[in-house]
Amino acid sequence: MHQQLVVEKISSILEATDNTYDVQLTHLLDNAKRIFIAGAGRSKLVGNFFAMRLVHGGYDVSVVGEIVTPSIKSGDLLIIISGSGETEQLIAFTKNAKKVGANIVLISAKSDSTIGDLADAVFQIGRAEQYGKVYGMPMGTVFELSTLLFLEATISHIIHDKGIPEEVMRERHANLE
């Protein structure tokens with residue numbers, strides 16, 4: 001029962017998501033000098049998944065908050081993953097990136113937010129009204145899982161669009177694990 005509940009809810013969110021976002025996001029990724037990904041809590045974990053896959057795809061990626069993350073500059077892309085678009089720490093990151101001329105993308109459950117107002121592009125996953133309380137999926141689960149699947153589908157688009165063989169991706173995978 002619960003598996004079906006989760007699958008149906010995530011499917012409905014993804015069906016309501018603009019099906020051109022993968023192409024739009026790929027264009028932004030391809031035109032960025034470097035890519036920075038930020039989120040808080042479980043959204044940060046979703047960002048980590050995406051960052052790893054982007055590295056496998058050959059992009060220059062950093063996760064905000066890691067000790068080795070370089071400074072962001074003009075021409076770089078900051079991707080913020082935030083269900084609300086109102087997380088204070090992420091607002092501060094967005095303002096700092098904007099100050100130096102970086103491009104900013106918000107991936108969110110709502111397009112109308114503080115970060116959304118500062119961003120160059122907002123990718124709203126599903127519709128805002130789909131994020132009410134969902135039995136068995138508490139505290140942001142719907143957004144996080146939907147975003148994870150959206151970003152994995154974007155990676156799938158990139159791999160197929162660029163013809164990146166799995167063997168090449170494996171060569172780029174961390175080997176000090």
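The values are calculated or read from the model by the stated rules, or taken from the named source; none is laboratory data. As the structure is a prediction and not an experimental result, all values here were calculated from the model. Cβ coordinates were reconstructed from backbone atoms using ideal geometry, including for glycine residues, and neighbour counts include every protein chain displayed.
Scanning region 61-78 for residues being over 14 Å from residue 48 (Cα atoms) and charged (D, E, K, R) gives a total of 2. When region 98-112 is filtered for residues that are aliphatic (A, V, I, L, M) and either free of Cβ contacts under 8 Å to residues at least 40 places away in the same chain or under 18 Å from residue 146 (Cβ atoms) (or both), the ones remaining, listed by number, are 100, 104, 105, 106, 107, 109. The one condition from (1) touching a residue at least 60 places away in the same chain (Cβ under 8 Å); (2) in contact with a Leu (Cβ under 6 Å, 6 or more places away or on another chain) that residue 17 does not meet is (2).
The residue pairs whose first member lies in region 85-97 and is touching a residue at least 40 places away in the same chain (Cβ under 8 Å), whose second member is loosely packed, with under 13 Cβ neighbours inside 10 Å and part of a helix (DSSP H, G or I), and whose beta carbons are closer than 9 Å, counting only pairs six or more residues apart or on different chains, do not exist in this structure.
For (1) in contact with a helix residue (DSSP H, G or I) (Cβ under 9 Å, 6 or more places away or on another chain); (2) more than 30 Å from residue 160 (Cβ to Cβ); (3) modelled with pLDDT under 95, each residue gets a yes or a no:
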{"residue": "12", "(1), (2), (3)": "yes, no, yes"}
{"residue": "18", "(1), (2), (3)": "yes, no, yes"}
{"residue": "46", "(1), (2), (3)": "yes, no, no"}
{"residue": "79", "(1), (2), (3)": "yes, no, no"}
{"residue": "101", "(1), (2), (3)": "no, yes, no"}
{"residue": "114", "(1), (2), (3)": "yes, yes, no"}
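Scanning region 112-137 for residues that are of a type outside the set (Val, Ile, Thr), out of contact with any Leu (no Cβ under 7 Å at 6 or more places or on another chain) and loosely packed, with under 15 Cβ neighbours inside 10 Å yields 112, 117, 120, 127, 128, 129, 132, 133, 135. Scanning region 141-153 finds one or more residues that are of a type in the set (Ser, Thr, Tyr), surrounded by 18 or more Cβ atoms within 10 Å (Cβ to Cβ) and touching a residue at least 60 places away in the same chain (Cβ under 8 Å). All of (1) assigned to a helix (DSSP H, G or I); (2) at pLDDT 95 or above; (3) of a type in the set (Val, Ile, Thr) hold for residue 142 with one exception: (2).
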